[in-house]
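*Asks:* Okay, handing you the structure first.
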Amino acid sequence: PLKRLFASKRGAMELITAPSSGSGFVAVGTCPACTIQNGTHVYGGFAGTETYLYERQSLTYGLTADNTCTVIDAQNSSSNAVVINRYMYYNSTYYKRRTDFDGFFITGATQYGIKSEANATHNISNCTITANACGMYMSLPSSSSTSSSGSCTFLVSDCKISQNTNGGVYMNNNNDSYMSNFNFDHCVITENSGNIYGGMMFDKYSFQATSIIVLNDCDVTKNT
């Protein structure tokens, strides 16, 4: 079983924003904008009575905002619906740990639905990201950041990114020395629009490090 089970969304949000790693289930319903600490494993879509992850109902990228889903709604009052921190800082030490974020419907952000700056591995799965400004922002921390000591990997799987008004997915290496890996598996990126790009964009700026972008069995269509 996971370390902790929360039937209440408030308790889950307190876990997510706490300055330590851990694991938690989040019950169905609507949650406010939140910050996910590096090294935390957070799973949505639970009735609140489960003990094991496999007891959760099946989720796919087609999930909708109904009574079987955990919704994170920024309600246009927060620039980002979900921020996944670049590092965990605890007792004067920076930690680089895998972060898992799975099973959420994300909407209402005036900037990014998910803003993720990794210095390790960020795994985002079984999420629908819709009706935000930009759907997802993914970047290695800048070269001046204390936390940017090494390459990073973004794993995005079974997600639907749609109807965002300032682009679907924005990727940025943002570092002179280290590479980023962007991996998309079984994702649908559709009906996004924007002034600069619609579906997906990789912005290298002037940085020289090589990045790898892989799309496997994805639909990128009807973006403007």
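The values are calculated or read from the model by the stated rules, or taken from the named source; none is laboratory data. Note that this is a predicted model, so its numbers are computed, not measured. Here Cβ is always computed from backbone atoms with ideal geometry, including for glycine, and neighbour counts include all displayed protein chains. Ligands, DNA and RNA are stripped out before the accessible areas are found, and what is left, the full protein with its side chains, is counted by its heavy atoms. Shrake-Rupley method; radii C 1.70, N 1.55, O 1.52, S 1.80 Å.
*Asks:* Consider PHE104 against the criteria (1) in contact with a Gly (Cβ under 6 Å, 6 or more places away or on another chain); (2) modelled with pLDDT of 90 or more; (3) open to solvent by 10 Å² or more (accessible area, probe 1.4 Å): it satisfies all of them except one. Which criterion is unmet?
*Replies:* (3)
*Asks:* Could you go through the stretch 152-161 and let me know if any residue there is β-branched (Val, Ile, Thr), within 21 Å of ARG86 (Cα to Cα) and without any contact (Cβ under 8 Å) to a residue 60 or more places away in the chain. Please lay out each step first, then the result.
*Replies:* Of all residues in the stretch 152-161, those β-branched (Val, Ile, Thr) come to 153, 156, 161.
Okay, now just the ones that are also within 21 Å of ARG86 (Cα to Cα), so 153, 156.
The next check asks that each one be without any contact (Cβ under 8 Å) to a residue 60 or more places away in the chain; those that pass are 153, 156.
The answer is yes; a qualifying residue exists.
*Asks:* Suppose we filter TYR112, TYR89, TYR61, TYR95 for residues that are of a type outside the set (A, V, I, L, M, F, W, C), modelled with pLDDT of 85 or more and at negative phi; which single one remains?
*Replies:* On the way: TYR89 fails: modelled with pLDDT of 85 or more; TYR61 fails: modelled with pLDDT of 85 or more; TYR95 fails: modelled with pLDDT of 85 or more.
Only one candidate qualifies: TYR112.
*Asks:* With respect to TYR178, is the statement that it is touching a residue at least 12 places away in the same chain (Cβ under 8 Å), out of contact with any Lys or Arg (no Cβ under 9 Å at 6 or more places or on another chain), assigned to a loop (DSSP other than H, G, I, E, B) and among the aromatic types (Phe, Trp, Tyr) true? Before you say what the answer is, go through the steps one by one.
*Replies:* Values: touching a residue at least 12 places away in the same chain (Cβ under 8 Å): yes; out of contact with any Lys or Arg (no Cβ under 9 Å at 6 or more places or on another chain): yes; assigned to a loop (DSSP other than H, G, I, E, B): yes; among the aromatic types (Phe, Trp, Tyr): yes.
Against the criterion (touching a residue at least 12 places away in the same chain (Cβ under 8 Å), out of contact with any Lys or Arg (no Cβ under 9 Å at 6 or more places or on another chain), assigned to a loop (DSSP other than H, G, I, E, B) and among the aromatic types (Phe, Trp, Tyr)), TYR178 qualifies.
*Asks:* Please work out which one of (1) of a type outside the set (Phe, Trp, Tyr); (2) touching a Leu at 6+ places or on another chain (Cβ under 6 Å); (3) open to solvent by 30 Å² or more (accessible area, probe 1.4 Å); (4) at pLDDT below 95 is the condition ASN183 fails and give its number.
*Replies:* Just one mismatch for ASN183, condition (4).
*Asks:* Outside any strand (DSSP E or B), over 24 Å from THR130 (Cα atoms) and either open to solvent by 30 Å² or more (accessible area, probe 1.4 Å) or at pLDDT below 80 (or both): is that true of THR49 in this structure? Steps first, please.
*Replies:* Working: outside any strand (DSSP E or B): yes; over 24 Å from THR130 (Cα atoms): yes; either open to solvent by 30 Å² or more (accessible area, probe 1.4 Å) or at pLDDT below 80 (or both): yes.
Spelling it out, THR49 is indeed outside any strand (DSSP E or B), over 24 Å from THR130 (Cα atoms) and either open to solvent by 30 Å² or more (accessible area, probe 1.4 Å) or at pLDDT below 80 (or both).
*Asks:* Hey, any hits in the stretch 119-134 for a residue that's open to solvent by 30 Å² or more (accessible area, probe 1.4 Å), touching a strand residue (DSSP E or B) at 6+ places or on another chain (Cβ under 9 Å) and modelled with pLDDT of 95 or more? So that I can check it myself, show each step before the final result.
*Replies:* Taking the stretch 119-134 and keeping what is open to solvent by 30 Å² or more (accessible area, probe 1.4 Å), we get 121, 131.
From what's left, touching a strand residue (DSSP E or B) at 6+ places or on another chain (Cβ under 9 Å): 121, 131.
When the remaining residues are screened for being modelled with pLDDT of 95 or more, the result is 131.
Checking the stretch 119-134: at least one residue is open to solvent by 30 Å² or more (accessible area, probe 1.4 Å), touching a strand residue (DSSP E or B) at 6+ places or on another chain (Cβ under 9 Å) and modelled with pLDDT of 95 or more.
*Asks:* Those residues that are in a strand (DSSP E or B), farther than 18 Å from ASN132 by Cβ and hydroxyl-bearing (Ser, Thr, Tyr), I need them from the stretch 187-224; list them, please.
*Replies:* Of all residues in the stretch 187-224, those in a strand (DSSP E or B) come to 188-190, 200-203, 212-216, 219-221.
This time we only want the ones that are farther than 18 Å from ASN132 by Cβ, so: 202-203, 212-216, 219, 221.
Result: THR221, single match.
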